[in-house]
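Participant: Please read through the structure below; I'll follow up with questions.
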Amino acid sequence: MNNKNVLSATLYIILFVSLFILIQSLSFKGGKELVSLLGGTEAADGDYLTKNGETLAITAVISSLATLILFIATKWAPVSGNYLKTRPWAVLMWSALIALGSILPLQFLAEKINLTMPAGTEEMFESIMKVSWGYVALGMMVPIAEEIVFRGAILRVLQNALGERKRWIAIVISALIFGIVHFNLAQGLHAFLIGLLLGWLYSKTGSILPGFVFHWVNNTVAYLMFNLMPQMNDGKLIDFFHGNDRMMYGGLFFSLCIFVPSLLQLIGRMPKERNKQLSNKDI
């Protein structure tokens, strides 16, 4: 590690984050203009757009596509088929399971420290969740775009600058940036904690694929819960268990029984997957 590499990495990260935010802002503004053209001046009001789930979802899909195209075309986040050549099916399966095992404990933690999303942000997400395009946006496109930017570009640059010995510093910094760009404490803390896991997965495999699987499972469960159990949308974790503390703590224990073995499996398997990946060359 040297000062020149750190400075270069810092400038790249500022560029990556700025472009990520700019693309989202321009897409949101474009969606607002589209609603204005189709629905008149009243429809262009910010509150209307926030409540227009289909427009917001399509806007999120477009911004995610633009982000993917930009970061892949510029090779800021190099993409290859090397990792898939290692047949990492077990790692991908355990990545999905550790995502499932983390959902209830993270929700429990958020409630214990009394973190809630701002009303406007919550209303926006609820409007997206209600439409079919919402799953395309939040379940698929947003996770892969975020993995490309925050792990494939930002964490990669940090690891290259700081070196293998300081890879956990790189992981923590990338997770912190991931949390900050969510622009509210409730989502930010959740994103930071998940970012540590996602960063670890990327650091050990050199691929965004395990992180995408984790991200996809997490967001898919949220989408399904919102639509299949609408009575829970304004409730607490305890309400999911019909007010029964014993059942809730039993659910948390069961989640940890998924999380901990999954973590141990990944610890044991990922170094092998990393070694196999590094032995392959691009075709």
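Read-outs: derived from the displayed coordinates by stated rules, not from any lab. Since we're looking at a predicted model, the values are computed, not measured. For neighbour counting, all protein chains shown are included, and Cβ atoms are generated from backbone atoms with ideal geometry for every residue, glycine included.
Participant: Using the Karplus curve 6.51 cos²θ - 1.76 cosθ + 1.60 with θ = phi - 60°, what ³J(HN,Hα) values do you get for each residue of the stretch 191-198, in whole Hz, with x for Gly and Pro?
Facilitator: Here the 3J(HN,Hα) series is 5, 4, 5, 5, x, 5, 5, 5 Hz.
Participant: Once phi is turned into ³J(HN,Hα) by the Karplus curve 6.51 cos²θ - 1.76 cosθ + 1.60 with θ = phi - 60°, what whole-Hz value does each residue of the stretch 18-24 show in order, with x for glycine and proline?
Facilitator: 4, 5, 4, 5, 4, 4, 5
Participant: Please identify which residues in the stretch 90-123 have an amide N closer than 14 Å to a label point set 7 Å out from the Cα of Leu252, following the Cα→Cβ vector.
Facilitator: 102-114
Participant: May I ask which of Lys85/Lys166; Lys4/Lys166; Lys75/Lys204; Lys85/Lys204; Lys4/Lys85; Lys75/Lys130 have a Cα-Cα span longer than 24 Å here?
Facilitator: Lys85/Lys166; Lys4/Lys85; Lys75/Lys130
Participant: In whole Hz, with x marking every Gly and Pro, tabulate ³J(HN,Hα) for the stretch 100-116 from phi via Karplus 6.51 cos²θ - 1.76 cosθ + 1.60, θ = phi - 60°.
Facilitator: 4, x, 8, 5, 5, x, 5, 5, 4, 4, 4, 5, 5, 9, 6, 9, 9
Participant: Could I ask something else about it? Test of understanding: in a Gaussian network model of the chain with alpha carbons linked when under 10 Å, which of Gly250, Gly188, Gly31 would top the mean-square fluctuation ranking?
Facilitator: Gly250
Participant: Further question on the same structure: Please check: in the Gaussian network model of the chain (C-alpha springs, under 10 Å), which one of Leu100, Leu228, Leu115 has the largest mean-square fluctuation.
Facilitator: Leu228
Participant: For every helix of n ≥ 4 consecutive DSSP H residues, a contribution of -39,500 (n - 2.57) applies; sum these over the chain, divide by its total residues, and give [θ] at 222 nm rounded to the nearest 500 deg cm²/dmol.
Facilitator: Only helices count here, giving -24500 deg cm²/dmol.
Participant: Take the alpha carbon gyration tensor of the chain, find the square roots of its eigenvalues, order them as a ≥ b ≥ c, and report rounded if a/c is under 1.5; if not, report prolate when a/b exceeds b/c, else oblate.
Facilitator: Taking the square roots of the gyration eigenvalues as a ≥ b ≥ c, the chain is oblate.
Participant: Still on this structure, I have one more. In a Gaussian network model over the chain where Cα atoms closer than 10 Å are linked, find which of Leu209, Leu15, Leu189 has the largest mean-square fluctuation.
Facilitator: Top of the fluctuation ranking is Leu15.
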